[in-house]
Amino acid sequence: MKAVVLIAVLALAYVGVPLVFGGNAYILGLIVAALTIAGVSVAWALLGNLGGMVSFGHAAFFGVGSYVSAVLAMKLGVPVFAAMVLGGVGAAVASVATMPALRLKGPYFALAMLAYAHIFQILATEMTPVTGGAGGLLSIPRFPTVMGVEFGEKTGGYLIVLTIVVLAALAYDAIRRSAWGLALKAMHDTEQATRVVGVPSTHLKAAMLVLSAFITGVVGAFNAHFISFLQPDYAFASTWTVLPIAAAIFGGYRTVWGPVVGSLAIYLLDQLVFKELMPHGHQLVLGALLCVMILFSPGGLMPLLVRRRRRKKEGVQAHAHA
Amino acid sequence: MKRTLTQLAATVALGVALGASSLAQAKEFLLGSELPLTGNLARVGQGMHEGIAVAIEMANRAYAGKHSFKVSTIDDETNPAKAVAAVERLIGDGAVALTGGYGSNIIGPASEAAQKAGVVYITSGGVTPELTARGYPTFFRINNSEGYAKAMIGLLEDMGVKKVSVVYLNKDATTNLAKQVQSALSAKGVTVGMHEFDAATSDFKPLLNKVKLQDRSEAIAMVGYENDYVGILRAAKVLKPQVKAVVGVWSLATAQMAKEFPDLMENVYGTSMLPYPVEFTQPEALEFAAEYKKLFNKEPDYLGQFGYVQTRLLIDAIVRAEEAGTLAKGGLADELRRTDAQTLIGRVTFDAKGDNTNFSHRMGQHQTGKVVLVWPKDAANGAMRFPGVPW
């Protein structure tokens with residue numbers, strides 16, 4: 001995305017959205033939920049695109065991040081923002097336990113990650129004195145008021161999650177453009193060949209896994225403090241894996257902003273349009289929309305939009321030359 | 001002539017003024033309802049939804065010409081985040097109060113959103129003590145864990161069993177209830193074996209084997225939800241432990257379970273406010289049953305009864321607050337706290353934390369396709385079949 005366009009979009013997101021929807025807690029709440037999914041979606045796409053690893057277990061990192069942050073804030077009195085970052089650190093540390101799965105490829109890696117998510121969920125259920133067991137934790141501390149900004153309110157929450165998503169996407173973009181990114185992209189196509197030329201592929205994959213887990217953990221921690229509630233079934237729910245994957249594919253997981261656009265599009269369409277039209281069973285329409293998108297533009301929404309823009313531009317230039 | 005015209009004009013003016021004043025007083029109140037109509041808790045959510053609809057119909061009849069009521073319902077899809085969004089939307093749409101919610105884990109954040117907006121939230125779908133322990137002034141519920149425990153303990157005591165196996169789901173509400181039953185029975189000298197399971201459990205045979213071979217208990221007490229009961233009873237039918245009774249709690253002694261699982265339910269006990277087929281004598285209850293039948297073409301069950309009672313109490317409090325001129329000033333919560341009513345589930349009053357401390361459930365037993373109330377004695381409409389198991 002061009003810098004000017006990006007700055008304009010970010011200005012609109014930081015200023016325009018709170019101004020327009022600040023008084024509507026419902027809409028702002030939906031946007032926050034969509035951005036929460038976007039955060040996980042970016043982290044998932046980063047691992048999938050740059051690490052070449054399709055994970056079905058990102059709910060594991062989401063859940064670990066949620067619990068670490070909630071427990072630190074509730075039981076040890078750690079300030080909420082610090083706890084949120086430590087939630088990400090907790091998820092990154094937890095990702096080390098999943099590293100044996102890096103030896104696996106394709107569906108085997110995906111399934112191993114799914115198993116890890118289940119293991120972490122069981123651990124959260126069994127560690128009752130710390131996590132509250134299956135009953136979970138209620139009244140988790142909310143975000144504080146800092147310099148007059150009430151981060152515990154909807155608009156404050158929106159600004160936090162937006163910042164997390166923007167930073168995650170910028171980090172993704174920076175890595176993609178770096179030498180590491182080049183190596184990772186090359187590795188994605190032919191891992192053996194890149195190893196031969198001296199690329200430490202396992203280390204790079206591990207680094208991507210840790211970073212992806214950290215981002216997902218921070219997003220999970222944000223969600224715990226924003227919703228103020230946590231239980232294993234919710235924190236490790238497959239929704240935190242399935243929906244971000246669907247969003248990333250819908251938006252275009254090979255692009256940096258595709259997962260963000262995809263998350264906003266599918267969540268807001270589902271909740272604001274399809275649910276209005278079909279109060280029950282609206283997910284059916286969403287499923288159909290995803291199928292249509294995959295059939296007509298396997299690369300997702302962002303490449304589709306870019307292609308259209310490029311064609312339009314070429315058309316204008318051709319017309320000017322004529 | 002001139003005098004007559006003046007008199008006529010004065011009469012018309014008075015009539016218009018009176019009419020306008022009566023129109024100004026007559027109001028339509030919008031109630032919000034956030035419920036799981038899809039997802040894991042869809043069946044129970046639907047039951048409460050039906051009861052709420054009946055309450056709205058009956059209130060519109062009772063307050064006809066004075067006030068009218070309508071309800072806007074949003075499906076929370078059994079998801080806490082979507083429940084919060086639903087509550088915020090309903091409040092944004094102008095709902096004066098909220099009725100609904102199912103599952104303590106969903107009611108928790110949803111009622112917190114209502115509390116932040118200063119809007120009353122009343123429910124019968126979450127019994128965990130944590131909900132009222134928060135002390136939110138806008139939170140009310142008509143039932144609680146203690147009321148369910150009282151019924152289960154009372155029935156087991158009346159049976160005179162000395163060894164009980166408690167098989168319970170490891171969620172907050174179910175664990176709380178199971179532990180209340182355990183401590184009360186243990187204090188009375190009953191040996192209690194505790195067997196926890198999680199929501200992913202589908203094969204209960206290993207657990208039932210423990211009950212059969214290790215506990216050798218006289219009764220099984222199940223604390224879970226519909227799917228769990230079905231799984232446990234299926235496993236018990238295979239293993240046939242030598243127990244004299246199988247007792248459960250919510251969502252078990254219902255007409256739906258009797259119809260859908262007749263081979264599993266025979267002689268099983270569960271909490272139930274109503275027998276099936278329903279036998280009512282008081283006028284309000286008769287009207288409730290007739291309206292239920294009219295709207296949904298079926299017999300009411302206790303989920304509908306709870307939904308009805310909570311909504312009717314809310315509506316009556318709204319009217320009282322409106323008449324006192326305090327509704328717009330946050331007086332609804334105070335008015336609900338002043339409630340002292342005899343309802344279809346017994347007397348309801350709310351303590352400072354919004355809990356109905358009078359609540360005590362009843363126990364029903366599936367007997368050849370019917371649900372017969374067997375506990376307490378003053379509410380019973382039949383005798384319990386003891387010993388009695390489904391196999």
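The values are calculated or read from the model by the stated rules, or taken from the named source; none is laboratory data. Keep in mind the model is a prediction, meaning the values are calculated, not measured. A quick note on method: Cβ atoms are made from the backbone with ideal geometry, for glycine too, and the neighbour counts reach across all protein chains shown. Surface areas here come from the heavy atoms of the whole protein model, side chains and all, with no ligands, DNA or RNA. Shrake-Rupley method; radii C 1.70, N 1.55, O 1.52, S 1.80 Å.
Based on this model, can you work out whether residue A:10 counts as more than 14 Å from every other protein chain (Cβ to nearest Cβ), surrounded by fewer than 24 Cβ atoms within 10 Å (Cβ to Cβ), farther than 25 Å from residue A:228 by Cα and touching a residue at least 60 places away in the same chain (Cβ under 8 Å)?
When the stated conditions are applied, residue A:10 passes them.
Just name the residue that is farthest from the other protein chains (Cβ to nearest Cβ) out of those in region A:224-237 that are in a helix (DSSP H, G or I) and open to solvent by 10 Å² or more (accessible area, probe 1.4 Å).
Checked region A:224-237; the qualifying residue farthest from the other protein chains (Cβ to nearest Cβ) is A:226.
Name the one entry in A:171, A:213, A:207, A:186 that is assigned to a helix (DSSP H, G or I), modelled with pLDDT under 80 and not aromatic (Phe, Trp, Tyr).
Going through A:171, A:213, A:207, A:186 in turn, just one is assigned to a helix (DSSP H, G or I), modelled with pLDDT under 80 and not aromatic (Phe, Trp, Tyr): A:186.
If residue A:32 passes every condition in (1) more than 14 Å from chain B (Cβ to nearest Cβ); (2) in contact (Cβ under 8 Å) with a residue 60 or more places away in the chain but one, which one does it miss?
(1)
If residue A:75 meets every condition in (1) closer than 24 Å to residue A:138 by Cβ; (2) surrounded by fewer than 24 Cβ atoms within 10 Å (Cβ to Cβ); (3) at pLDDT 95 or above; (4) not acidic (Asp, Glu) apart from one, which number is that one?
(3)
Got a sec? Which of B:151, B:173 is within 14 Å of another protein chain (Cβ to nearest Cβ) and part of a helix (DSSP H, G or I)?
Answer to the check: B:173.
I'm told residue B:324 meets every condition in (1) surrounded by fewer than 23 Cβ atoms within 10 Å (Cβ to Cβ); (2) aliphatic (A, V, I, L, M); (3) closer than 24 Å to residue B:72 by Cα except one. Can you identify the failing condition by its number?
(3)
State all residues of region B:98-114 that are within 11 Å of chain A (Cβ to nearest Cβ) and either touching a Leu at 6+ places or on another chain (Cβ under 9 Å) or not small (Gly, Ala, Ser) (or both); if no residue qualifies, say none.
Those that are within 11 Å of chain A (Cβ to nearest Cβ) and either touching a Leu at 6+ places or on another chain (Cβ under 9 Å) or not small (Gly, Ala, Ser) (or both): B:103, B:104, B:105, B:106, B:107, B:108, B:109, B:110, B:111, B:112.
Search region A:131-148 for residues being more than 18 Å from residue B:112 (Cα to Cα) and open to solvent by 50 Å² or more (accessible area, probe 1.4 Å), and hand back the single one that is farthest from the other protein chains (Cβ to nearest Cβ).
Filtering region A:131-148 for residues that are more than 18 Å from residue B:112 (Cα to Cα) and open to solvent by 50 Å² or more (accessible area, probe 1.4 Å), the one farthest from the other protein chains (Cβ to nearest Cβ) comes out as A:147.
Okay, residues lined up against (1) open to solvent by 60 Å² or more (accessible area, probe 1.4 Å); (2) without any contact (Cβ under 8 Å) to a residue 40 or more places away in the chain:
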site	(1), (2)
B:329	yes, yes
B:336	no, no
B:342	yes, yes
B:345	no, no
B:352	yes, no
B:366	no, no
B:378	yes, yes
B:382	no, no
B:385	yes, no
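Exactly one condition in (1) touching a Pro at 6+ places or on another chain (Cβ under 8 Å); (2) crowded, with 24+ Cβ neighbours inside 10 Å is false for residue A:297; which is it?
Among (1) touching a Pro at 6+ places or on another chain (Cβ under 8 Å); (2) crowded, with 24+ Cβ neighbours inside 10 Å, the lone unmet condition for residue A:297 is (2).
Condition check ((1) in contact with a Cys (Cβ under 8 Å, 6 or more places away or on another chain); (2) charged (D, E, K, R); (3) buried (at least 22 other Cβ atoms within 10 Å of the Cβ)) across all residues:
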| site | (1), (2), (3) |
| --- | --- |
| B:42 | no, no, no |
| B:46 | no, no, no |
| B:60 | no, no, no |
| B:74 | no, no, yes |
| B:88 | no, yes, yes |
| B:95 | no, no, yes |
| B:102 | no, no, yes |
| B:105 | no, no, yes |
| B:109 | no, no, yes |
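Would region A:94-111 turn up any residue that is without any contact (Cβ under 8 Å) to a residue 40 or more places away in the chain and within 14 Å of chain B (Cβ to nearest Cβ)?
No, every residue in region A:94-111 fails to be without any contact (Cβ under 8 Å) to a residue 40 or more places away in the chain and within 14 Å of chain B (Cβ to nearest Cβ).
Can you find a residue that is within 14 Å of chain B (Cβ to nearest Cβ), farther than 30 Å from residue A:182 by Cβ and either open to solvent by 20 Å² or more (accessible area, probe 1.4 Å) or at pLDDT 90 or above (or both) anywhere in region A:304-312?
Scanning region A:304-312, I find no residue that is within 14 Å of chain B (Cβ to nearest Cβ), farther than 30 Å from residue A:182 by Cβ and either open to solvent by 20 Å² or more (accessible area, probe 1.4 Å) or at pLDDT 90 or above (or both), so the answer is no.
Which numbered condition trips up residue A:60, out of (1) open to solvent by less than 50 Å² (accessible area, probe 1.4 Å); (2) touching a residue at least 40 places away in the same chain (Cβ under 8 Å); (3) of a type in the set (A, V, I, L, M); (4) in a loop (DSSP other than H, G, I, E, B)?
The single condition residue A:60 does not satisfy is (4).
Every residue in region B:137-148 that is at pLDDT 95 or above and either touching a Ser or Thr at 6+ places or on another chain (Cβ under 7 Å) or open to solvent by less than 20 Å² (accessible area, probe 1.4 Å) (or both), please.
Residues satisfying the conditions are B:138, B:139, B:140, B:141, B:142.
So which of A:151, A:120 is crowded, with 21+ Cβ neighbours inside 10 Å and among the aromatic types (Phe, Trp, Tyr)?
Values: A:151 fails: crowded, with 21+ Cβ neighbours inside 10 Å.
When all the criteria are applied, what remains is A:120.
Quick one: is residue B:185 assigned to a helix (DSSP H, G or I) and crowded, with 22+ Cβ neighbours inside 10 Å?
It is true that residue B:185 is assigned to a helix (DSSP H, G or I) and crowded, with 22+ Cβ neighbours inside 10 Å.
Suppose we filter A:221, A:207 for residues that are away from every other protein chain (no Cβ under 11 Å) and crowded, with 20+ Cβ neighbours inside 10 Å; which single one remains?
Values: A:207 fails: crowded, with 20+ Cβ neighbours inside 10 Å.
The match here is A:221.
What's the total number of residues in region A:252-284 that are within 14 Å of another protein chain (Cβ to nearest Cβ) and free of Cβ contacts under 8 Å to residues at least 60 places away in the same chain?
Result for region A:252-284: 12.
In region B:202-214, which residue that is in contact with a helix residue (DSSP H, G or I) (Cβ under 7 Å, 6 or more places away or on another chain) and of a type in the set (S, T, N, Q) is farthest from residue B:170 (Cα to Cα)?
B:209
Take the conditions more than 29 Å from residue A:127 (Cβ to Cβ), among the aliphatic types (A, V, I, L, M) and open to solvent by 30 Å² or more (accessible area, probe 1.4 Å) and apply them to residue A:20. Does it pass?
So residue A:20 passes the test.
Can you name the number of the only condition in (1) at pLDDT below 80; (2) open to solvent by 50 Å² or more (accessible area, probe 1.4 Å); (3) not in a loop (DSSP other than H, G, I, E, B) that residue A:284 fails?
The number of the failed condition is (1).
In region B:115-126, which residues are facing chain A (nearest Cβ under 10 Å) and either within 16 Å of residue A:138 (Cβ to Cβ) or within 16 Å of the chain's Cα centre (by Cα) (or both)? Full working, then the answer.
From region B:115-126, those facing chain A (nearest Cβ under 10 Å) are B:116-117; that's our starting set.
Result: B:116, single match.
Of the conditions (1) closer than 30 Å to residue B:94 by Cβ; (2) out of contact with any Lys or Arg (no Cβ under 9 Å at 6 or more places or on another chain); (3) within 14 Å of chain B (Cβ to nearest Cβ); (4) not acidic (Asp, Glu), residue A:17 satisfies every one except a single condition; which number is it?
(3)
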